[in-house]
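Asks: Structure in structure tokens, see below.
The values are calculated or read from the model by the stated rules, or taken from the named source; none is laboratory data. These numbers were taken from a predicted model, which means no experiment stands behind them. Neighbour counts are summed over all protein chains in view; Cβ atoms, including those assigned to glycine, are modelled from backbone coordinates with ideal geometry.
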Amino acid sequence: MDRTTIIKILIVQRLRRRLKRKQRSVYIRPIFLKRDNDGEQQLVMDLRDDPYYHFRYFRMSKENFDTILDLVTPMISHPANHIRPISPLQRLAITLRYLATGNSQISLAMSFRVSPSSVCGIIRETLAAINQALKSDYLPTASTWINNENQFRTKWNFPHACGSLDGKHIRIKCPSASGSLYFNYKTYFSIVLMALSDADFKFTAVDIGSYGSESDGGILAKSHIGRKISNDTFNLPSPQPLSNLYWYYVFLGDDAFPKRHNLLKPYKGNFLQKTDRVFNYRLSRARMTVENSFGIMAARWRIFHSVIEADVDLVKQITLSAVILHNYLMNKKDFNNITPDRFEDGRVQHGNWRDTVQNDNGMIQIPRQGTNNYTQYSAQVRNHFRDYFNSEDGRLSWQDHHVDAGGK
């Protein structure tokens, strides 16, 4: 028997085995067969006729939901080769509910009548699509610094400010085989979101993913934002005159951060001179922008109110999507019942986002960064701002009364 004949016999035997092999049966659990009638998909469709509850459910208006759906549909559509395909609308609805509630993936699977494994894949794919579709338009670049300065000058009475800086720990479950890498000073596991905010409560730069265990000085120093501030590579505008002096453009920080010529922090001490306290008040007042940015985002996306049960890569993707969606919705003025802080004659009127996140916010302030050491030049920059805010050109009519009354 020659080689060719043997090969033919083997091929015939293989074909016979394949024909005899029992065809695999496709089993779908009865609960998933009821998706269209009993699943949350029907509620999603009903909510499209109720603007108030549509916002409460998705944390955005129907119009903005539909705009995002149009943008991501090409990236999350799949060939109709399944007997019960999941539409792009359902995929976006599942993902936004995940962000809006922080419910577990198994809970979403049951309510939408979709298998848990499918929910996991849907969330990852849709978040990536949101990031790709919106990132370039709703995460501004350094070219916006001049506009930022104009807004800080007009709305917050702080000239030459290009952004306010803060960082938050985001609670996560303990990553496998990570030891104490993500275990922070608050004794839970986290990654860090470092962010700059503009004068309108939108994020202009973010750095996501530093280990929660980083030392006090390490979080900012090792972040992309921190390195650009330290190396002065944010391409801020060159110094311009203000009150007969050429002044640097700066970012606004609090006492947690090290002081640099391009990063202002408050004067520290219990017995400060009034001029120093005036500066601290003006700085704190303008820095409320970044506090509001974090607060409004957490009030909208309640996934940040507790431990996020996901791997680190997915948590980073969740955080970036939340930031981008926050900017998109702030740009669209899609607030509904979420209000930021505001000022009336120097008195702060707290936004109602504080009622939502005050007791259960899973985003915790980062610890103090670095030391009190700073160059004499950095001190001069801060003193120039202090002197300006206490001069006739830079004074606010209510600031003395506010500071004398013990305000900060």
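Asks: Six or more apart or on different chains, Cβ atoms under 6 Å: show the pairs whose first residue is in segment 114-130 and over 20 Å from Ala322 (Cβ atoms) and whose second is among the hydrophobic types (A, V, I, L, M, F, W, C).
Replies: Pro116/Ile106; Pro116/Ala109
Asks: Now, a different point. Report, by residue number, each residue of segment 167-188 that is among the hydrophobic types (A, V, I, L, M, F, W, C) and without any contact (Cβ under 8 Å) to a residue 60 or more places away in the chain.
Replies: Across segment 167-188, the qualifying residues are Cys174, Ala177, Leu181, Phe183.
Asks: I would also like to ask the following. What is the one condition in (1) farther than 19 Å from Gln317 by Cα; (2) modelled with pLDDT of 85 or more that Gly179 does not satisfy?
Replies: (2)
Asks: Do any helices (runs of 4 or more DSSP H) lying entirely in segment 1-109 carry at least 1 residues that are buried (at least 17 other Cβ atoms within 10 Å of the Cβ) and either modelled with pLDDT of 75 or more or polar (S, T, N, Q) (or both), and which ones are they?
Replies: Of the helices (runs of 4 or more DSSP H) lying wholly inside segment 1-109, those with at least 1 residues that are buried (at least 17 other Cβ atoms within 10 Å of the Cβ) and either modelled with pLDDT of 75 or more or polar (S, T, N, Q) (or both) span 40-47, 51-58, 62-76, 88-101.
Asks: Can you pull out every residue in segment 374-392 that is in a loop (DSSP other than H, G, I, E, B) and surrounded by fewer than 10 Cβ atoms within 10 Å (Cβ to Cβ)?
Replies: Selection gives Glu392 alone.
Asks: Any chance segment 285-294 includes a residue that's closer than 18 Å to Arg382 by Cα and touching a helix residue (DSSP H, G or I) at 6+ places or on another chain (Cβ under 7 Å)?
Replies: yes
Asks: Could you check Phe294 against (1) surrounded by 22 or more Cβ atoms within 10 Å (Cβ to Cβ); (2) over 28 Å from Asp232 (Cβ atoms) and say which number it fails?
Replies: The single condition Phe294 does not satisfy is (2).
Asks: When the residues of segment 206-218 are narrowed to those that are within 17 Å of the chain's Cα centre (by Cα) and touching a residue at least 60 places away in the same chain (Cβ under 8 Å), which ends up surrounded by the fewest Cβ atoms within 10 Å (Cβ to Cβ)?
Replies: By that ranking, first place goes to Gly209.
Asks: Which residues, counting only those in segment 170-183, are out of contact with any helix residue (DSSP H, G or I) (no Cβ under 6 Å at 6 or more places or on another chain) and either in a loop (DSSP other than H, G, I, E, B) or loosely packed, with under 14 Cβ neighbours inside 10 Å (or both)?
Replies: Within segment 170-183, Lys173, Cys174, Ser176, Ala177, Ser178, Gly179, Ser180, Leu181, Tyr182 meet the criteria.
Asks: Which of the residues spanning segment 204-234 are part of a loop (DSSP other than H, G, I, E, B) and of a type in the set (S, T, N, Q)?
Replies: Ser213, Ser215, Ser223, Thr233
Asks: Any residue at all in segment 249-267 that is charged (D, E, K, R) and under 20 Å from the mean Cα position of the chain (by Cα)?
Replies: Yes, the conditions are met somewhere in segment 249-267.
Asks: Criterion first (within 17 Å of Phe158 (Cα to Cα) and of a type outside the set (Gly, Ala, Ser)) does Leu252 satisfy it?
Replies: Yes; evaluated as a whole, the condition is true for this residue.
Asks: Tell me which residues, restricted to segment 242-290, are within 26 Å of Met330 (Cα to Cα), buried (at least 21 other Cβ atoms within 10 Å of the Cβ) and among the charged types (D, E, K, R).
Replies: If the condition is that a residue be within 26 Å of Met330 (Cα to Cα), buried (at least 21 other Cβ atoms within 10 Å of the Cβ) and among the charged types (D, E, K, R), then Arg282, Arg285, Arg287 are the ones that fit.
Asks: Among the numbered criteria (1) crowded, with 21+ Cβ neighbours inside 10 Å; (2) part of a strand (DSSP E or B), which single criterion is violated by Asn148?
Replies: Unmet for Asn148, out of (1) crowded, with 21+ Cβ neighbours inside 10 Å; (2) part of a strand (DSSP E or B): (2).
Asks: Any residue at all in segment 184-202 that is assigned to a strand (DSSP E or B) and among the acidic types (Asp, Glu)?
Replies: Within segment 184-202, none of the residues are assigned to a strand (DSSP E or B) and among the acidic types (Asp, Glu).
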